[in-house]
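Right, one structure below, let's go through it.
Only the coordinates and a few stated rules stand behind these numbers; no lab work does. Not measured: the values here are computed from a predicted model. Positions of Cβ are generated from backbone atoms using ideal geometry, with glycine treated the same way; all protein chains shown enter the neighbour counts.
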Amino acid sequence: MMRIIKLILLSALVFACVLTALSLLFPSHLRVSRSINVAASHEKVYEALSDLRSWEAWNEFLRSSSLTGKTWSSPSSGKGAYMRSDQLLLTMTGIGPDSVHLYWRQEKGRNFDGGFYIFRMQTDSLTIQGWLDFQFRWYPWEKLSILLYEKRLGPVLEESLAGLKRYVENSH
């Protein structure tokens with residue numbers, strides 16, 4: 001009986017060491033990024049990105065029905081503007097002529113940076129890049145969770161950009 005217990009403990013220790021070693025192969029930083037081309041003026045796109053109040057019309061993260069009790073700063077655009085809910089505090093940390101930078105603080109979850117860049121790649125359209133940056137500690141369960149973040153958040157970011165495209169192309 002003691003031999004079986006020793007074998008189980010030794011196996012668990014070896015498994016934990018292998019899992020830790022495997023997790024060290026994963027980076028400690030992950031950027032989830034998507035982009036879309038938009039046939040709208042720079043002003044329309046910038047206005048939609050820089051005003052957090054307009055995000056409910058196009059951003060899937062804010063349109064989530066699980067976010068309740070939403071309030072916005074006044075003004076709802078510019079550096080320091082925020083949207084607060086029961087689960088999320090979204091704050092604009094930087095704003096430039098072609099970019100918006102944000103800090104996402106989740107009530108239960110990971111805090112991260114994100115934002116949008118506006119590029120003029122063609123004369124008749126703009127390319128909008130959305131990104132989310134995550135930092136992970138060395139813990140194996142954190143490093144291995146990188147595999148889930150891209151699969152879970154990439155499609156939501158993609159749908160948000162598609163919503164932005166519809167919002168700015170169909171607005172007058």
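Relative contact order, whole percent, for the chain stands at 30, derived from Cα pairs under 8 Å and 6 or more residues apart.
For trypsin sites (Lys or Arg not before Pro), the sites in segment 102-138 that DSSP calls loop and that have at most 10 other Cβ atoms within 10 Å are Lys108, Arg137. Gain on full extension, evaluated as 0.36 nm per residue between Lys70 and Asp113 minus their Cα-Cα distance, stands at 13.5 nm. Cβ under 10 Å from Ser171's Cβ, Ser171 left aside: what net charge do those residues give with Lys, Arg +1 and Asp, Glu -1? Net charge around Ser171: 0.
The length gained by stretching the chain between Ala162 and Arg63 to full extension, at 0.36 nm per residue less their Cα-Cα distance, is 34.3 nm. Taking 14 Å as the straight-line reach from the Cα of Lys151, the aspartates and glutamates in range (excluding those fewer than 8 positions away in the same chain) are Glu159.
For segment 103-130, the residues whose backbone nitrogen is under 20 Å from a point 7 Å from the Cα of Asn37, taken along Cα to Cβ, are 117-130. Taking each residue as 0.36 nm, the span from Thr123 to Ala16 lengthens on full extension beyond its C-alpha to C-alpha distance by 33.0 nm.
Beyond 26 Å in Cα-Cα separation lie the following of the pairs Lys6/Lys143; Lys70/Lys165; Lys79/Lys143: Lys6/Lys143; Lys79/Lys143. The HN-Hα couplings worked out from phi for segment 8-22 by the Karplus form 6.51 cos²θ - 1.76 cosθ + 1.60 (θ = phi - 60°) are 5, 5, 5, 5, 5, 5, 5, 4, 5, 5, 5, 5, 5, 4, 4 Hz, whole numbers, x standing for Gly and Pro. Under 10 Å from the Cβ of Pro75, count the other residues' Cβ atoms, weight Lys and Arg +1, Asp and Glu -1, and hand me the total. Computed value for this residue: 0.
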